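Visitor: Before I ask anything, here is the structure I am working with.
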Amino acid sequence: MVHVEESIQIARDFEGFGESSQDCKWPNNARIAVSFVLNYEEGGERSYQDGDGFRYADNDPTLGYKNSANNLIAMERNPKFAKACVREGHEIAAHGLRWLEFWNHSLEEDKKYIKDTFLDLEKTTGEMPVGFYFGRGTPNTHYLVPIVLKEMGLPLLYSSECYNDDVPYWVDLPWEKDLPIADREGMLMIPYNYDCNDGKHLMSQGFSSAAGQSYESYLKSTFDMLYREGGKMMNIPMHSRIVGKAGRAEALRNFMNYIAEKEGVWVTTRRDIAKHYRETFPYEPQDDKTV
């Protein structure tokens with residue numbers, strides 16, 4: 001049976017930044033922040049053996065692009081890749097232990113799953129994650145992460161469990177509402193997305209060809225509009241088993257070369273996006289804002 005812990009649920013905000021949107025004032029007057037996210041999952045999927053590729057990372061090191069990579073069991077089974085990610089300056093973010101359904105976990109089981117994910121990722125990679133995108137779980141998993149990390153005495157810079165904007169934003173945490181304003185921390189949201197996700201190569205209404213041309217074209221169109229608007233961020237979610245195929249990897253390479261020729265493009269990790277946003281736009285609880 002699914003249990004929804006009402007006391008920790010965060011209400012949806014249908015207004016956001018309203019008509020004005022948000023200029024994130026990126027470092028060095030960059031017009032756009034670009035975040036490549038590699039979901040490294042091979043070995044973490046369902047498998048009878050469990051009882052239930054380096055192509056992207058080496059795509060073009062001359063471009064110097066850094067990304068976020070994740071998923072614990074997959075990295076445990078390829079520790080050389082895990083260490084290579086850290087060595088090359090990529091961020092390690094939390095993406096869960098394995099791709100299993102655990103919608104019926106109790107709160108304590110949920111909290112243990114979260115704790116194990118962060119601790120085991122640190123053990124495997126040598127780096128403690130400061131951000132997360134689990135993508136599945138119970139209705140409580142997302143909201144329990146900041147609680148668990150607080151109990152562990154660990155910093156949490158951001159959550160990417162949202163898909164609703166092209167800029168970061170803050171949310172109030174309901175369990176902090178009775179604390180003095182100075183003691184509240186809120187949670188920084190750095191939106192993820194599905195529309196630029198290479199997973200659409202495998203969806204019936206996704207990118208129209210197994211070849212990379214439609215993927216490349218869509219990435220360029222998305223970049224062009226966000227670049228023109230200024231102050232926005234662009235997500236490129238990727239999977240080794242999908243974009244790692246030669247034809248798609250070539251399309252991704254073409255896109256990387258395309259944005260490398262533009263002025264004012266900040267290709268960075270979500271960790272650094274979070275650090276910049278926190279410094280530039282510190283958390284301000286909603287009930288402390290003047291209207």
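The values are calculated or read from the model by the stated rules, or taken from the named source; none is laboratory data. Because the structure is a prediction, the values reported are computed rather than measured. With ideal geometry, Cβ positions are generated from the backbone for all residues, glycine too; neighbour counts draw on all protein chains shown.
Visitor: Mind checking whether some residue in the range 219-230 is under 19 Å from the mean Cα position of the chain (by Cα), crowded, with 21+ Cβ neighbours inside 10 Å, outside any helix (DSSP H, G or I) and at pLDDT 95 or above?
Guide: No: the range 219-230 contains no residue that is under 19 Å from the mean Cα position of the chain (by Cα), crowded, with 21+ Cβ neighbours inside 10 Å, outside any helix (DSSP H, G or I) and at pLDDT 95 or above.
Visitor: Give the residues of the range 144-162 that are touching a strand residue (DSSP E or B) at 6+ places or on another chain (Cβ under 9 Å), assigned to a loop (DSSP other than H, G, I, E, B) and among the aliphatic types (A, V, I, L, M), sorted by residue number.
Guide: Within the range 144-162, L156, L157 qualify.
Visitor: Do we find that L252 is of a type in the set (A, V, I, L, M, F, W, C) and either surrounded by 14 or more Cβ atoms within 10 Å (Cβ to Cβ) or within 20 Å of the chain's Cα centre (by Cα) (or both) in this structure?
Guide: Considered against the rule, which asks whether it is of a type in the set (A, V, I, L, M, F, W, C) and either surrounded by 14 or more Cβ atoms within 10 Å (Cβ to Cβ) or within 20 Å of the chain's Cα centre (by Cα) (or both), L252 comes out as yes.
Conditions (1) among the acidic types (D, E); (2) farther than 30 Å from R184 by Cα; (3) modelled with pLDDT under 95, marked per residue:
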site	(1), (2), (3)
K232	no, no, no
V243	no, yes, yes
R248	no, yes, yes
R253	no, yes, no
E279	yes, no, no
Y283	no, no, no
T290	no, no, yes
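Visitor: Can you tell me which of (1) surrounded by fewer than 15 Cβ atoms within 10 Å (Cβ to Cβ); (2) on the phi > 0 side of the Ramachandran plot is the one P155 doesn't meet?
Guide: All conditions are met except number (2).
Visitor: Being over 18 Å from the mean Cα position of the chain (by Cα) and either of a type in the set (K, R) or modelled with pLDDT of 95 or more (or both) is the filter here, so list the residues in the range 116-157 that pass it.
Guide: Across the range 116-157, the qualifying residues are K123, I147, V148, K150, E151, M152, G153, L154.
Visitor: So which of S240, S221, S217 is polar (S, T, N, Q) and touching a strand residue (DSSP E or B) at 6+ places or on another chain (Cβ under 8 Å)?
Guide: After applying the criteria, what remains is S240.
Visitor: Taking the range 231-249 only, how many residues are in a helix (DSSP H, G or I) and closer than 20 Å to M203 by Cβ?
Guide: So the count comes out to 7.
Visitor: Based on this model, can you work out whether K200 counts as in a helix (DSSP H, G or I), at pLDDT 95 or above and either within 26 Å of W266 (Cα to Cα) or in contact with a helix residue (DSSP H, G or I) (Cβ under 7 Å, 6 or more places away or on another chain) (or both)?
Guide: In short, no.
Visitor: Restricting the search to the range 109-133, which residues are of a type in the set (A, V, I, L, M, F, W, C) and crowded, with 20+ Cβ neighbours inside 10 Å? Don't jump to the end; show me each part of the working.
Guide: Pass one, the range 109-133, residues of a type in the set (A, V, I, L, M, F, W, C): 114, 118-119, 121, 128, 130, 132.
Matches in the range 109-133: I114, F118, L121, V130, F132.
Visitor: In the set K275, K262, which member is farther than 15 Å from F36 by Cα, under 17 Å from the mean Cα position of the chain (by Cα) and outside any strand (DSSP E or B)? Steps first, please.
Guide: Numbers: K262 fails: under 17 Å from the mean Cα position of the chain (by Cα).
After applying the criteria, what remains is K275.
Visitor: Taking the range 158-169, which residues are at pLDDT 95 or above, farther than 14 Å from E185 by Cβ and of a type in the set (S, T, Y)?
Guide: If the condition is that a residue be at pLDDT 95 or above, farther than 14 Å from E185 by Cβ and of a type in the set (S, T, Y), then S160, Y169 are the ones that fit.
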